[in-house]
1. Within a 10 angstrom radius of the beta carbon, how do ILE182, ILE200 rank from fewest other beta carbons to most?
2. Can you tell me the length gained on complete extension of the stretch ARG52 to ASP129, counting 0.36 nm per residue apart and subtracting the Cα distance?
3. If I model a spin label at PHE199 and HIS168 as a point 7 Å from the Cα along the Cα→Cβ vector, what separation in nanometres do I get?
4. Using 0.36 nm per residue of separation minus the Cα-Cα distance, give me the extension gain between ASP31 and ARG245 in nm, one decimal.
5. For SER89 and LEU44, FRET efficiency with R0 = 30 Å and r from the beta-carbon atoms, rounded to 0.05?
6. Would you be so kind as to identify which of PHE114, SER248, LEU151 lies farthest towards the positive end of the dipole of the chain, taking Lys and Arg as +1 and Asp and Glu as -1 on Cβ and the Cα centre as origin?
7. Just subtract the alpha-carbon distance of PHE121 and PHE16 from 0.36 nm times their residue separation and send over the number in nm, one decimal.
8. Rounded, prolate or oblate: which fits segment 1-143 when a ≥ b ≥ c are the square roots of the eigenvalues of the alpha-carbon gyration tensor, with rounded for a/c under 1.5 and prolate only if a/b beats b/c?
Amino acid sequence: MSNDNGNTDGFAFDEFFDRDYLEFNAAELNDETNDNEAHTIAELLQLQSGTRILDLPCGHGRIARRLAAMGATVTGIDRSELFLKTARSDAAQHGVEVDYQSGDMRTLSIDGEFDVVLNWFTSFGYEGDQALRTLLTRMHRALVPGGRLLLETINLHQQDLQSHETSHTKELVTAEGTHFLIDRSYYDPHDGRIHARRFITRSGQPTRMIPWQLRLFPLTELKSWLHDAGFANVQAFGPDGEVFRCDSERLIVVAQRQ
């Protein structure tokens, strides 16, 4: 159940975005995928050396490090110390400098410091509607005039949304055994959210369950929210930077602070 005064009830960020999240997504977020996404971002931005980018949240640095290697000046903020430790180690291994900082994007308080705010890989949507609107306003304020927000999320039209509960399973095989991540979810058209329970079963360990919710947006609604937050010139693209279509696998919006 969501509320409009901050968080989504029952959602534990630190339990959801943890070691299991990294390991079960590792195969999907491989070097080829990460390279391609970073290049798409660079092309959409027409990235120039010294462009000041705030990666919010930066996760384990898979995009931040690559943009920094292209010449951007990158600050990454995330609330997960595990993700930040992983990101710093990765940047050091590649000889790339990124300013990684511990922080919660929901309390972001930065005024006019960045040319770009990057919100990538469906990082927007876990809070209540009012908190999400406030976050867009905070992102807007963090930009210099003319600065841009790049926000990437799920394409609502490409989801097989059901009002009854369905199940999706990921399997992970390690030296310790075979492990499973199972999301049981349904979509509520009245609040525009996926409501889900995540079950993680690691070989030899008790199963743990994490409830989560995610707000999905048709493009017209997301544009309206961005305009309300003060953005203009909102454009929409697919995952490779092509013009957004109903059959695009993902949705990227680029919006400008006037």
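1. Values: ILE182 16, ILE200 22.
Listing ILE182, ILE200 from fewest to most nearby Cβ atoms yields ILE182, ILE200.
2. Full-extension gain reported as 24.9 nm.
3. 1.7
4. Details: separation 214, 0.36 × 214 = 77.04 nm, distance 2.63 nm.
Value of the extension gain: 74.4 nm.
5. Numbers: r = 28 Å, r/R0 = 0.94.
For LEU44 and SER89, the calculated efficiency is 0.60.
6. Farthest towards the positive pole: PHE114.
7. Once the chain is fully extended between PHE121 and PHE16, it gains 36.3 nm.
8. oblate
Bear in mind these aren't lab numbers, they're just calculated from the coordinates by the rules spelled out. Here the structure is a predicted model, which means the values were calculated and not measured. With ideal geometry, Cβ positions are generated from the backbone for all residues, glycine too; neighbour counts draw on all protein chains shown.
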